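In what follows, a structure is listed as structure tokens, so that the remarks can point back to it.
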Amino acid sequence: MTTIGIILGSTRPGRMGPQIAQWVEKTAGTRQDADFELVDIADYNLPLFDEPRSPRMGDYAHDHTRAWAAKIDELDGFVFVTPEYNRSIPAALKNAIDFVYNEWNNKAAGFVGYGSNVSGARALDHLRHIAGAVQLAAVHSQVHLSLHTDFEEFRTFAPAERHEAALQQVLTEVITLTEALAPQRRS
């Protein structure tokens, strides 16, 4: 069975991401066409990139990198959940992506963004470019959540009903593209 990782891309205390990632996981759990796993980059305690060699070499010197690489390698595709920080993604997410390379290749990626002004749109735009650099294939659809309208008092996630259909579309596209890219991952 195809396994899709839901990558929680923020590590700061008080973050809103866990609520959103759990919503993605719960929604995905209603599907029968793939398995889903929530992956919180905070659990991997990655320092700022500290590998002496390029990740393209796959020769990792540190246990934290090997653990992260093993997790990413075992997943077939991804849905990234990220806030928008200063018109881009959090440094922790960029760092986590940069730690490995081959493990991302020929896998699909979908995106769920959140923020205050443009509901994470700029972060997702940047993330699409970053994903392409590590040979992740981005799907077309994405979900944009607003801290103003999809959170009660900016604390409790209460997504508008329309987001459910958008998320289902993202999941469908990620699974479809993940399966289409499977022969590339085996070669």
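Each reported figure results from applying straightforward, stated rules to the coordinates on display, with no laboratory input. A quick note: this is a predicted structure, and the numbers were derived from the prediction, not measured. For neighbour counting, all protein chains shown are included, and Cβ atoms are generated from backbone atoms with ideal geometry for every residue, glycine included.
Figures for the structure shown
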| item | result |
| --- | --- |
| Those aspartates and glutamates that a straight Cα-Cα span of less than 13 Å connects to Lys107, excepting residues fewer than 8 apart in one chain | Asp73, Glu74, Asp76, Glu173, Glu179 |
| Surrounding net charge for Glu37, when Lys and Arg each add one and Asp and Glu each subtract one, Cβ distance under 14 Å | -3 |
| Candidate aspartates and glutamates - alpha carbon under 16 Å from Lys71, same-chain residues fewer than 8 apart omitted | Asp35, Glu37, Asp40, Asp43, Asp59, Asp63, Asp98, Glu103 |
| Cα-based helix-to-principal-axis angle, 121-133 vs the chain, degrees rounded to 10 | 20 degrees |
| The chain - percent relative contact order, Cα under 8 Å, separation 6 or more | 23 percent |
| Shape metrics for the chain, restricted to C-alpha atoms - Rg then Dmax, Å | 15.7, 50 |
| Cα gyration tensor shape for region 81-183, rounded if a/c is under 1.5, else prolate or oblate | oblate |
